[in-house]
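Report on the structure given below.
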Amino acid sequence: MPPQTDSALPTRLSSISNDLHGRKLRVVGRVLSYDSANGCILLEDEKYALVVDVTLCIDPFKEQAWLRDRKEAVMVFGYLERLEVSDFCCASS
């Protein structure tokens, strides 16, 4: 039997808190911007937003038409990490 990956906790952006730091989450949101230079997308849901590092899953040298369409809905899986404001890398594109 192949190894199983850790399950991800379905989470709304509005429910993300410090208590979830280090947990694997499944989050759905709409793409507000994509910064191909830094490999980040900005997801939003209502008045909440989340920066997502997509460097391991999106090739910045290939056309990603779905990322250019504003408000495209996406689902992301990953571990929640804390980002200091001074480390914030993504700019609106």
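Summary of computed values
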quantity: In the range 5-23, the residues that are in contact with a Leu (Cβ under 7 Å, 6 or more places away or on another chain) and among the basic types (Lys, Arg); calculated: ARG23
quantity: Inter-residue pairs, beta-carbon under 9 Å, first in contact (Cβ under 8 Å) with a residue 60 or more places away in the chain and in the range 1-14, second among the charged types (D, E, K, R) and part of a loop (DSSP other than H, G, I, E, B), 6+ apart; calculated: ALA8/ARG23
quantity: Unique match (being touching a helix residue (DSSP H, G or I) at 6+ places or on another chain (Cβ under 7 Å), modelled with pLDDT under 90 and on the phi < 0 side of the Ramachandran plot) among TYR34, TYR48; calculated: TYR34
quantity: Single residue of the range 19-29 satisfying the filter (buried (at least 17 other Cβ atoms within 10 Å of the Cβ) and among the aliphatic types (A, V, I, L, M)) that is nearest to the chain's Cα centre (by Cα); calculated: VAL27
quantity: Selection within the range 48-73 - touching a Lys or Arg at 6+ places or on another chain (Cβ under 6 Å) and of a type in the set (A, V, I, L, M); calculated: ALA73
quantity: Per-region count, the range 1-24, residues in a loop (DSSP other than H, G, I, E, B) and either touching a Ser or Thr at 6+ places or on another chain (Cβ under 6 Å) or among the acidic types (Asp, Glu) (or both); calculated: 1
quantity: Top-ranked residue in the range 30-66 [being among the aromatic types (Phe, Trp, Tyr) and more than 21 Å from TYR79 (Cβ to Cβ); ranked as surrounded by the fewest Cβ atoms within 10 Å (Cβ to Cβ)]; calculated: PHE61
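The values are calculated or read from the model by the stated rules, or taken from the named source; none is laboratory data. This is a predicted model, so every value here is computed, not measured. Quick reminder, even Gly has a Cβ in these numbers, built from the backbone with ideal geometry, and neighbours come from all protein chains shown.
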